């Protein structure tokens, strides 16, 4: 028995020492941040802000790669299946949990347990936007609802892929406002907003970070935000809830995971770099300026947040029905 205990202790020492040694040298080569949506969208924007600061801190390139497709599932699967060494990070969003609610593990190709939570970056509301040339007389949620009802389901609206948070927000809005619209899905928020700006689709449910420049230039008109409070970047824009759809609320969030099984000291080192990045005043102000609400916290807080959000999105899914619109 004593020999067995001695051997076990030695093995544990070697494992612990190996993990500590790995953390001490991490990173000694470039780190990839996989963003499962197109460049220019909310997920991509904040991932690049954080990656730049991590590069400066570590002296090693932290490179953002956009791996789009299947509403974020392709990029997420890449991280789930990566070597658990911390060199592959998912710069993801609420889509990770929503996809599991809608499609299950068989449909997504990954399990939540295959990811190690690192940190919540930020939250952001969505904005119900219209192209002012296509819909010049629509300036309020009430006017929009009346107009949409008159179109009898023919009004097209844009968001990211079916099942993403923007899509859920738009579907929940239709449900609570008593209207029906025709959904046009895109690979990312940047793609969706370009088509609304271009007039190809007159309406969009777009995140604050993605829509903010176009709202400022007048290329888009925002008529309501999806949070229960007005967005600090858009203080004059009312919430949808205060504009005739009481109780309406749905926001998105952006975060980082790495592959499950990555040594704890390595995960903690990644967390420390991300936390330090978001706590820098210039980064904090930049994040606020482009439409996010910074939310850096502990890994445990993030894990609890994911649980709470999964419960909330689960209730929304039950209300609006399956992923695919009928």
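The values are calculated or read from the model by the stated rules, or taken from the named source; none is laboratory data. What you are looking at is a predicted structure, and each value in this text was computed from that prediction instead of being measured. Cβ: placed from backbone, ideal geometry, glycine included. Neighbour counts: every protein chain shown.
The numbered conditions (1) over 24 Å from residue 111 (Cα atoms); (2) touching a strand residue (DSSP E or B) at 6+ places or on another chain (Cβ under 8 Å); (3) in contact (Cβ under 8 Å) with a residue 12 or more places away in the chain; (4) not assigned by TED's automatic domain parsing to the domain that holds residue 167 are all true for residue 262 except (1). As a summary of the residue check, residue 54 satisfies the conditions (1) part of a helix (DSSP H, G or I); (2) under 19 Å from residue 259 (Cα atoms); (3) within 18 Å of the chain's Cα centre (by Cα) except for the one numbered (3). Residues considered: 205, 171, 237. Of these, the only one that is assigned to a strand (DSSP E or B), touching a residue at least 60 places away in the same chain (Cβ under 8 Å) and surrounded by 19 or more Cβ atoms within 10 Å (Cβ to Cβ) is 205. Taking residue 180, is it surrounded by fewer than 21 Cβ atoms within 10 Å (Cβ to Cβ), in contact (Cβ under 8 Å) with a residue 24 or more places away in the chain and farther than 29 Å from residue 99 by Cα? So residue 180 does not fit the description; no.
Listed here are the residues, each with its yes/no results for (1) outside any helix (DSSP H, G or I); (2) surrounded by 21 or more Cβ atoms within 10 Å (Cβ to Cβ).
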{"residue": "175", "(1), (2)": "no, no"}
{"residue": "184", "(1), (2)": "yes, no"}
{"residue": "191", "(1), (2)": "no, no"}
{"residue": "194", "(1), (2)": "no, no"}
{"residue": "201", "(1), (2)": "yes, yes"}
{"residue": "209", "(1), (2)": "no, yes"}
{"residue": "213", "(1), (2)": "no, no"}
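Any residue at all in region 107-119 that's more than 18 Å from residue 258 (Cβ to Cβ) and surrounded by fewer than 22 Cβ atoms within 10 Å (Cβ to Cβ)? Checked region 107-119: at least one residue is more than 18 Å from residue 258 (Cβ to Cβ) and surrounded by fewer than 22 Cβ atoms within 10 Å (Cβ to Cβ). Of the residues that make up region 248-264, is at least one assigned to a helix (DSSP H, G or I) and farther than 19 Å from residue 176 by Cα? Within region 248-264 (the criterion being assigned to a helix (DSSP H, G or I) and farther than 19 Å from residue 176 by Cα), the answer is yes, since at least one residue qualifies.
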